[in-house]
Amino acid sequence: MPARRPILTAGAAGLLLLVAACGSPGSGGGEEETAASTAAGATCEPVAGDELVVLEDDKGLQNADNVIPAVNAAAAAADPALVPLLDSVSESLDTDDLIELNRSVDIDRRTSSEVAAEYVADEGLAAADASAGAGTKVVIGAANFSESATLSEVYGEVLRSAGYEVEVQTIGNRETYLPALESGQITLTPEYAATLAEFLNTKVNGDGAEPVASADPGETVTALTSLGEEVGLTFGAVAEAQDQNAFAVTSAFAEEHGVETLSELAEACGGLVLAGPAECPERPFCQPGLEETYGLEFAEFTAYDFGLIGEAVRQGEAAIGLVLSSDGSLAS
């Protein structure tokens, strides 16, 4: 999927997108460079395999980028039925669901609208009151990557079932769609709690503002809600679904070494080969974070274009690689 949010840098905002940190996912480009370091402990060689699994970030290295609907505050105040309908989506959506939605669109090549309609039907999310939004137009702004488009269509399908007139527009990056949301040109958009919190933190408090996002979704949403009030935004319920930095190994590697978490990996293995974007060795949410938070030891780092990292792990070129937690190619 195309890039969309900051990765690898604590407290980053705005156009410090995934693409800025590590190249545009799926854009090709192959291996770029290799750097070696000294590692101690038992060496765990890469294990090739078709399936990738994310190891649990059990010590909270990554910030909580949970899916959350961002809504123009004036529109929400004028229509008390709106946000509760969006909340029904949040209550149903977990990361496995998000992986499956992305798999259907990005791998199976189905349309976002088709996949969204199926999800709403399967989850029983159609509104109980088919006339709750009658006569009300809602414009949903999607960012320019497929997951945002699909989530926008899910929101749209639920709102249509309540009688709303819904238009979904693909607008672009956050710098483009957020002013439109604040002004009311668009009514709502799917967002990501930690990334938006830091974006607004920088906007409201300046580039040197102390970071407000954390690994705790509740704390992050509290900070986000306060910042949203400053710019005319309100938010629905936060979903369990997360789309954030994650580290994956093959299922075969996880089974061979009996690991499900990053802490277990650190206990079981040293001498690991890590695949990531070229900036990974300097970014606190990537190699330094793994080393400092978990005590992981790497024998080698190899840089890849983001879209090739998962395949490098599958092919046994690296034991562990940086991925997105909602990637449609992940095992669920």
- Does region 252-271 contain any residue that is open to solvent by 10 Å² or more (accessible area, probe 1.4 Å) and within 18 Å of the chain's Cα centre (by Cα)? no
- Task: Return only the number of the condition from (1) within 25 Å of residue 147 (Cβ to Cβ); (2) not in a helix (DSSP H, G or I) that residue 317 does not satisfy.
- Result: (1)
- Query: Between residues in region 76-99 that are over 13 Å from residue 123 (Cα atoms) and residues that are at pLDDT below 95 and open to solvent by 30 Å² or more (accessible area, probe 1.4 Å), which pairs lie under 9 Å by C-beta distance while being six or more apart or on different chains?
  - Reply: 95/332; 96/332; 99/329; 99/331; 99/332
- Message: Suppose the filter is surrounded by fewer than 18 Cβ atoms within 10 Å (Cβ to Cβ) and not in a strand (DSSP E or B); does residue 127 pass it?
- Response: no
- Query: If you go through region 160-219 one residue at a time, how many are more than 16 Å from residue 70 (Cα to Cα), more than 15 Å from the chain's Cα centre (by Cα) and small (Gly, Ala, Ser)?
  - Reply: 6
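Residue-by-condition table, conditions (1) open to solvent by 40 Å² or more (accessible area, probe 1.4 Å); (2) more than 23 Å from residue 98 (Cα to Cα):
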site	(1), (2)
165	yes, yes
171	yes, no
174	no, no
180	no, yes
188	no, no
193	no, no
- Message: On the basis of being of a type outside the set (Gly, Ala, Ser), within 20 Å of the chain's Cα centre (by Cα), open to solvent by less than 10 Å² (accessible area, probe 1.4 Å) and more than 30 Å from residue 154 (Cβ to Cβ), does residue 224 make the cut?
- Response: no
- Query: Quick one: residue 117 ticks every box in (1) part of a helix (DSSP H, G or I); (2) touching a Gly at 6+ places or on another chain (Cβ under 7 Å) bar one, so which box is it?
  - Reply: (2)
- Message: If I ask for residues that are open to solvent by 20 Å² or more (accessible area, probe 1.4 Å) and farther than 12 Å from residue 138 by Cα, which ones from region 62-77 would you list?
- Response: 63, 73, 74, 77
- Taking region 278-332 on its own, how many of its residues are open to solvent by less than 30 Å² (accessible area, probe 1.4 Å), under 18 Å from the mean Cα position of the chain (by Cα) and of a type in the set (A, V, I, L, M)? 5
- Item | All positions within region 100-125 that are without any contact (Cβ under 8 Å) to a residue 24 or more places away in the chain and at negative phi | 108, 110, 111, 114, 118, 121, 122
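Only one residue in 209, 239 is within 21 Å of residue 62 (Cα to Cα), open to solvent by less than 20 Å² (accessible area, probe 1.4 Å) and out of contact with any Lys or Arg (no Cβ under 6 Å at 6 or more places or on another chain), so which one is that?
The match here is 239.
When region 42-52 is examined, which residues are found to be more than 14 Å from residue 267 (Cα to Cα) and either buried (at least 20 other Cβ atoms within 10 Å of the Cβ) or over 23 Å from the mean Cα position of the chain (by Cα) (or both)?
Selection gives 45, 46, 47, 48, 49, 52.
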- Task: Filter region 140-154 down to residues that are within 19 Å of residue 87 (Cβ to Cβ) and either of a type in the set (S, T, N, Q) or open to solvent by 10 Å² or more (accessible area, probe 1.4 Å) (or both), then give me how many there are.
- Result: 4
- Lone unmet requirement of (1) touching a residue at least 40 places away in the same chain (Cβ under 8 Å); (2) more than 18 Å from residue 54 (Cβ to Cβ); (3) open to solvent by less than 40 Å² (accessible area, probe 1.4 Å) for residue 245: (2)
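The values are calculated or read from the model by the stated rules, or taken from the named source; none is laboratory data. Predicted, not measured: the structure shown is a model, and the values here were computed from it. No Cβ is skipped: glycine too gets one built from the backbone with ideal geometry, and neighbour counts run over all protein chains shown. Protein only, heavy atoms only, side chains kept; ligands, DNA and RNA dropped before computing areas. Shrake-Rupley method; radii C 1.70, N 1.55, O 1.52, S 1.80 Å.
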